[in-house]
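Working notes, structure below.
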Amino acid sequence: MASREDVRRLATESIARGDATGWFEALYQSAGGAWTNIPWVNLSPNPLLVDWLASSSCSPEMDASGLTCLVVGCGLGDDAEALSAIGFDVTAFDVSSTAIDGCRSRFPRSIVEYAVADVFELTRRWSGRFDLVFEANTLQVLPADLRAAAIKAIAGTVALDGRLLVICRARDQDEAEGQLPWPLTHEELNQFCAHGLIELEFECDIDEEVPPVRRFRVLYGRPCRLE
């Protein structure tokens, strides 16, 4: 099993070569199909996404039929499948072709459109297309100098009157950034607001990991009429 230190070493070497995302493919390949050997993989949807779907913001009776959804950095597909199950027309991408092959193998009858894509080189056909965009944990594994470009790219996929749900590790502005996965500040996340989005909901919570991790869950929206 790869430890978090193994992952940090792999990422550091890849970033030093000027390839900020190539290490994901190497990591998924090294798992050899034993997916739980990857530290963050638990083969279930993100608990904060599940909680949000069950909340007043998005009630359990919600019928998302006819609404489009994009899952950023989908990994092995559990979040994408959870969103598809309530009716969203889901597109989900990951930079790792091995991860996408894993999605298709795990969910052979899935109606999710799985794609290999890099957040820095998204297809133009996704521009302004999605009613809901879900981003969890991608930004926190990108070097600080690349996050602004990723934020701009993700924001660009949100449709008019659409929503963007972001989940990430959290830190205060005066806290040290620490090591990968790098916790983000509320101020960093609000760079989304520079790209036509407005903050609708902001929550900070402690998850049930061991040790516990503080996380932000933030909902943004793109108004129908831009100011």
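The numbers here are math on the coordinates, done by the rules we state, and not lab data. Model, not experiment: these values are computed from the prediction. As a convention, Cβ positions derive from the backbone with ideal geometry for all residues, glycine included, and neighbour counts pool all protein chains shown.
For this structure, a couple of remarks:
- Taken one residue at a time, the phi angles of the range 182-190 give Karplus couplings (6.51, -1.76, 1.60, θ = phi - 60°) of 7, x, 10, 9, 4, 5, 4, 4, 6 Hz. Gly and Pro are set to x.
- About the centre of its Cα atoms, the range 41-221 shows a dipole size close to 580 debye [charges on the beta carbon of Lys, Arg (+1) and Asp, Glu (-1) only; nearest 20 debye].
- Ranking Ala82, Val141, Trp126 by how far each Cα lies toward the positive end of the dipole of the range 69-149 (charges on Cβ) leaves Trp126 at the top.
- Ranked by the mean number of other Cβ atoms within 10 Å of their residues, highest first, the peptides 212-223, 169-180 come out as 212-223, 169-180.
- ³J(HN,Hα), Karplus 6.51/-1.76/1.60, whole Hz, each residue of the range 102-112, x for Gly, Pro: x, 4, 5, 6, 6, 10, x, 9, 5, 9, 5
- Under 12 Å, Cβ to Cβ, from Ala80 - net charge with Lys/Arg +1 and Asp/Glu -1: -4
- Estimated 222 nm signal from helices in the chain, with DSSP H stretches of n ≥ 4 weighted -39500 (n - 2.57), rounded to 500: -8000 deg cm²/dmol
- Derived scalar couplings ³J(HN,Hα) [the range 137-151; Karplus, 6.51 cos²θ - 1.76 cosθ + 1.60; whole Hz; x for Gly, Pro]: 6, 6, 4, 6, 10, 9, x, 4, 6, 10, 5, 4, 5, 5, 4
- Percentage of interatomic Cα-Cα distances in the chain larger than 29 Å: 22 percent
- Cα convex hull of the range 126-178 - mean projected area over all directions, nm²: 4.1 nm²
- Translational D in µm²/s for the range 91-172 (Stokes-Einstein at 4 °C, 1.567 mPa s, Kirkwood Rh from C-alpha pairs): 94 µm²/s
- Each of Asn42, Ile154, Phe202 was scored by the projection of its Cα onto the charge dipole of the chain, and the greatest displacement toward the positive side belongs to Ile154; charges sit on the C-beta of Lys, Arg, Asp and Glu.
- Taking the range 65-107 and a reference point 7 angstrom along Cα→Cβ of Leu160, no backbone N atom is nearer than 11 Å.
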